[in-house]
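Since the structure comes first, as structure tokens, the remarks are kept for the end.
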Amino acid sequence: METRTNPLWNKFTNWVRRDLVLSITASIAALLSLFKLPSTADLDFKVLITLFNLMIVLKAFERLNLLDAVAIRLLRRLRSERRVAIGLVTLSFFSAMLITNDVALLMLIPLSLIIGHRGHYCVIRTIVLATLAANIGSSLTPMGNPQNLYILTRYDLSAASFFSVVAPFSALGGAWLIWLSSRLPVRRLSLDLASPNHPHPLQLLPWLALFSLIILSVFNLISDRLTLGVVLGVTLLLRPKLFMAIDYGLLATFVGFFIIVARLSEIPAVISLMSALLASPISVYVSGLLLSQVISNVPGAILLSEFTESWRPLLLGVNVGGMGTLIASLASVISYRIFLKDHPGEAKAYLKSFILYNAAGLLLFGVLGAVFVLLQPPV
């Protein structure tokens, strides 16, 4: 006897399989919200606004074939999987230091996908390595990622103190990434280098201006809300269809993370556990590393800083902890979602490669970081 399944149920299960990270995040956030309803105070609007602005502008660049043109130029110079990987990893590593890991990946992952289409090869390993590069490279500077900026301001650190902790990790991590990239196949790529229609410079000008405004807002040189108003106005005037093209699921994932962290930080049992766990520098380091695997390194840094003044192991722990699980760094979620939108049937292959490289990095640098913390003189 043939059994019928509910079409709505099929759609729901397909959505869960297609967007597992958002599904899990939304479920946990909804469960925790039963104890206390979310409020606007739970959300980091600067992160959400900046992410929305960047998605709009980068989608405009994509529609204007700007990323295609950059991809073709890179391919004409590099022409092998290994060289492309080294080029993108290096670009991701250094650009993340200046424009944050999130912004670097929002620019480079779409570029990597276009290179894959043009070169007719699978870019999963390249994207995974570029994501690792953004997370490791961003650890070197205060503006590289949100947890660095937060810890720097929370503990009022000097530049010398800050760099003494993150520089060794960043340098060793960069060398490790180049070694991994150099082990990729050297085979020449089969290239489709038909040049796209290049936009007129005047078409690019407003979007380049908007991109510059967004970067200024990242560094708090202008208001992020003012930038949002300008982005909304220009987009409505020039390309209103862009509003339908961006990934609102990514924004929803970030909202879910913020709600989860807000609720966890209010639970008395969590507060008691944190106070007991953070009795020594090495316990702070391990807690930062492990907590990042569960709730991501940015909220992990914020949560742990409420219970410890040991900033060195905390800073190192949440940066090393950006490797590991998919949600250990929100930047990794960005890469995964962008890739999955372009290759919806390859989630398993991506996660397999992601887990392999990240587990290796977490094990290697987790141990090295622990040795570094144990060798530090007591403060």
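The values are calculated or read from the model by the stated rules, or taken from the named source; none is laboratory data. Owing to the predicted nature of the structure, the values given are computational and were not obtained by experimental measurement. Heads up, the Cβs are rebuilt from the backbone with ideal geometry, glycines too, and the neighbour counts pull from every protein chain shown.
Structure above, values below:
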{"quantity": "From the options GLY249, GLY288, residue that is part of a helix (DSSP H, G or I), among the small types (Gly, Ala, Ser) and without any contact (Cβ under 8 Å) to a residue 40 or more places away in the chain", "calculated": "GLY288"}
{"quantity": "Hits in region 85-117 - residues which are touching a residue at least 40 places away in the same chain (Cβ under 8 Å), polar (S, T, N, Q) and at negative phi", "calculated": "THR90, SER92, SER95, ASN101"}
{"quantity": "Hey, SER265 touching a residue at least 24 places away in the same chain (Cβ under 8 Å), more than 25 Å from SER95 (Cα to Cα), among the hydroxyl-bearing types (Ser, Thr, Tyr) and surrounded by fewer than 19 Cβ atoms within 10 Å (Cβ to Cβ) or not", "calculated": "yes"}
{"quantity": "Enumeration of residues in region 224-237 that are surrounded by 14 or more Cβ atoms within 10 Å (Cβ to Cβ) and either assigned to a loop (DSSP other than H, G, I, E, B) or in contact (Cβ under 8 Å) with a residue 40 or more places away in the chain (or both)", "calculated": "ASP224, THR227, LEU228, VAL231, THR235"}
{"quantity": "Members of region 3-25 that are over 20 Å from LEU351 (Cα atoms) and either at pLDDT 70 or above or assigned to a helix (DSSP H, G or I) (or both)", "calculated": "PRO7, LEU8, TRP9, ASN10, LYS11, PHE12"}
{"quantity": "Residues of region 74-127 that turn out to be in a helix (DSSP H, G or I), surrounded by 24 or more Cβ atoms within 10 Å (Cβ to Cβ) and among the hydroxyl-bearing types (Ser, Thr, Tyr), as a count", "calculated": "3"}
{"quantity": "Of all residues making up region 306-322, the number that are over 14 Å from the mean Cα position of the chain (by Cα), closer than 13 Å to LEU368 by Cβ and among the polar types (S, T, N, Q)", "calculated": "0"}
{"quantity": "Answer from LEU202, LEU191, LEU184, LEU180 - the residue that is modelled with pLDDT under 90 and part of a helix (DSSP H, G or I)", "calculated": "LEU202"}
{"quantity": "Matching residues, region 27-44, being part of a helix (DSSP H, G or I) and either touching a residue at least 60 places away in the same chain (Cβ under 8 Å) or crowded, with 16+ Cβ neighbours inside 10 Å (or both)", "calculated": "ILE28, ALA29, LEU32, SER33, ALA41, ASP42"}
{"quantity": "Any hit, region 360-376, residues being under 17 Å from THR131 (Cα atoms), small (Gly, Ala, Ser) and modelled with pLDDT of 95 or more", "calculated": "yes"}
{"quantity": "Region 129-152, residues that are hydrophobic (A, V, I, L, M, F, W, C) and over 12 Å from the mean Cα position of the chain (by Cα)", "calculated": "LEU129, LEU140, MET143, LEU149, ILE151, LEU152"}
{"quantity": "Count - residues of region 43-65 that are among the hydrophobic types (A, V, I, L, M, F, W, C) and within 27 Å of ARG263 (Cβ to Cβ)", "calculated": "8"}
{"quantity": "Region 336-360: number of residues that are closer than 26 Å to ILE246 by Cα, assigned to a helix (DSSP H, G or I) and without any contact (Cβ under 8 Å) to a residue 12 or more places away in the chain", "calculated": "1"}
{"quantity": "SER158 vs. criteria without any contact (Cβ under 8 Å) to a residue 60 or more places away in the chain, among the hydroxyl-bearing types (Ser, Thr, Tyr) and farther than 19 Å from GLY321 by Cβ", "calculated": "yes"}
{"quantity": "LEU32 being at pLDDT 80 or above and under 16 Å from the mean Cα position of the chain (by Cα)", "calculated": "no"}
{"quantity": "Residue check, SER170 part of a helix (DSSP H, G or I), surrounded by 15 or more Cβ atoms within 10 Å (Cβ to Cβ) and at pLDDT below 90", "calculated": "no"}
{"quantity": "Leading residue by the ranking (surrounded by the fewest Cβ atoms within 10 Å (Cβ to Cβ)) among those in region 330-361 that are under 17 Å from LEU22 (Cβ atoms) and among the aromatic types (Phe, Trp, Tyr)", "calculated": "TYR350"}
{"quantity": "So ALA130, is it closer than 23 Å to THR308 by Cβ and either in contact with a helix residue (DSSP H, G or I) (Cβ under 8 Å, 6 or more places away or on another chain) or surrounded by fewer than 20 Cβ atoms within 10 Å (Cβ to Cβ) (or both)", "calculated": "no"}
{"quantity": "Filtered residue count, region 212-233, keeping only those that are modelled with pLDDT of 90 or more and either touching a helix residue (DSSP H, G or I) at 6+ places or on another chain (Cβ under 6 Å) or farther than 11 Å from VAL57 by Cα (or both)", "calculated": "11"}
